[in-house]
Amino acid sequence: MRAWQVHELGEPRDVLTLAEVPDPEPGPRQVLVRVRAAAANFPDVLMCRGGYQVRPPLPFTPGIELCGEVVAAGREVTGFAAGERVIGGSSLPSGAFAELAVMNSDSVFPAPEGLDDAEAAAFFITYQTGWFGLHRRARLAAGETLLVHAAAGGVGSGAVQLGRAAGARVIGVVGGERKAEAARALGADVVVDRLSQDFVEVVKEVTDGRGADVVYDPVGGETYTRSTKCIAFEGRILVIGFAGGEIPTAALNHVLIKNYSIVGLHWGLYQSKDPQAIRDCHAQLTKLVADGLIRPLIGERLGLAEVADGVQTLADGDTVGRIVFLP
Ligand SMILES: NC(=O)c1ccc[n+]([C@@H]2O[C@H](COP(=O)([O-])OP(=O)(O)OC[C@H]3O[C@@H](n4cnc5c(N)ncnc54)[C@H](OP(=O)(O)O)[C@@H]3O)[C@@H](O)[C@H]2O)c1
């Protein structure tokens, strides 16, 4: 089969190569799938660079999220039929930027009807992260104000839709007019272009000085630090990621004097700590799709040959919504 491989670490465009490799084989608790669509995630960028918490041995095939068709299952796996359309996470080193991929059986879920392959591929990690972040970790309530950074990005676009679905008022922060348009279309009530506006000022203005109850922060660095200037009394700042490249340091005296919480989220941990919660979440999210309340924003649909350039666009912060590869 054809698969993209990383043999040495570096920028995605420099280190990803497309090769003819042997078909992977599923382990006893794994499922082999033919990839119908694979969505790019920032962790793919970080893994190419060697800067992610998960460091697969070289060479590996990245692509952590997919929609596929079941080809075969390991001897301890039951409940999946050949040809079934599924979504979920891949098991590296046999990732989704390939014609075939391997999934751990507890990361395989039915693809929601009503989503095409590209949308279904982009429906797992970002929405699960948004759901666990907003509901389980930050306890977002209807009527609260939610501030979402990188609101037109992958996890950000999901958080905007989930925030709206939960009855929150959503303020989306984006870089540039193209992303601002996307954030408005996603349903953000207020959109701030960080290239020309100060989000702290806007948040204070539209909340009559109260601030945001929940901040969803996939960017980190100065974005986190500035968010502490517009967090509400008893607000919660969700630490989602550091796409800006800088891991900020928290000023705990400030946390104390303003009565807010800094809440971490590593969604992947729930796969081992509470797999039932992931299944419950999938059911909730599938219902939200059926009710027309959420739907992945696919910015670009590319071919398998375009993986290196597509992942580099994500690395450079230039994507709107999700980039999906259709082999
Ligand atoms: N905690 C978890 O469990 C979890 C799960 C999934 C993903 N994540 C993390 O969430 C973050 C976002 O992932 P994603 O796949 O959804 O990516 P993404 O948000 O689609 O892309 C990153 C966005 O961050 C903003 N950004 C600001 N400074 C940037 C810089 N220097 N370089 C690149 N982007 C920059 C850009 O949006 P603007 O221009 O609009 O600001 C860019 O579009 C990553 O750090 C990822 O590791 C965490």
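Before moving on, here are some points about what is shown:
- Set against the 2.2 N^0.38 Å expectation for a compact globular protein, the chain has a Cα radius of gyration ratio of 0.98.
- Placing dummy labels 7 Å off each Cα toward the beta-carbon, the span from residue 276 to residue 257 is 4.5 nm.
- Treating each Cα of the stretch 80-128 as an identical point scatterer and summing with the Debye formula, the log10 of I(q)/I(0) at q = 0.15 Å⁻¹ comes to -0.38.
- Kirkwood Rh, Cα atoms: Rg over Rh of the stretch 29-129: 0.96
- Taking all protein chains as shown and a probe of 1.4 angstrom, residue 42 keeps an accessible surface of around 50 Å².
- Projected area, mean over directions - the stretch 158-277, Cα convex hull, nm²: 8.4
- One way to sum up the overall shape of the stretch 1-71 is the equivalent ellipsoid from its Cα gyration tensor, whose semi-axes run 21, 13, 12 Å, largest first.
- Largest to smallest in accessible area, the residues 254, 7, 149 fall in the order 7, 254, 149 (1.4 Å probe, all protein chains included).
- Ellipsoid semi-axes in whole angstrom, largest first, where each is sqrt(5λ) of the Cα gyration tensor of the stretch 95-163: 27, 13, 11
- Highest average packing first - 212-225, 73-86, Cβ atoms within 10 Å: 212-225, 73-86
- The chain - percent relative contact order, Cα under 8 Å, separation 6 or more: 18
- Theoretical FRET efficiency, 1/(1+(r/R0)^6), r = Cβ-Cβ of residue 247 and residue 69, R0 30 Å, to 0.05: 0.15
- Gain upon complete extension [residue 291, residue 318; 0.36 nm per residue less C-alpha separation]: 6.7 nm
- Based on Cα atoms of the stretch 187-246, Rg over Rh with Rh as the Kirkwood radius reads 0.95.
- All Cα pairs of the stretch 53-198, percent lying beyond 19 Å: 60
- Taking Lys and Arg as +1 and Asp and Glu as -1, the other residues whose beta-carbon sits under 12 Å from that of residue 38 total -1.
- Residues with amide H under 5 Å from that of residue 72, placed H, sequence gap 5 or more: 32
- 26 Å Cα cut-off, lysine pairs counted over the chain (separation 8 or more, or different chains): 6
- When the stretch 215-296 is reduced to its Cα atoms, the Kirkwood hydrodynamic radius in Å: 14.7
The values are calculated or read from the model by the stated rules, or taken from the named source; none is laboratory data. These numbers come from a predicted model, not from an experiment. Note that we place each Cβ from the backbone using ideal geometry, even for glycine, and neighbour counts take in every protein chain shown. SASA here: full protein model, heavy atoms, side chains in, ligands and nucleic acids out. Shrake-Rupley method; radii C 1.70, N 1.55, O 1.52, S 1.80 Å.
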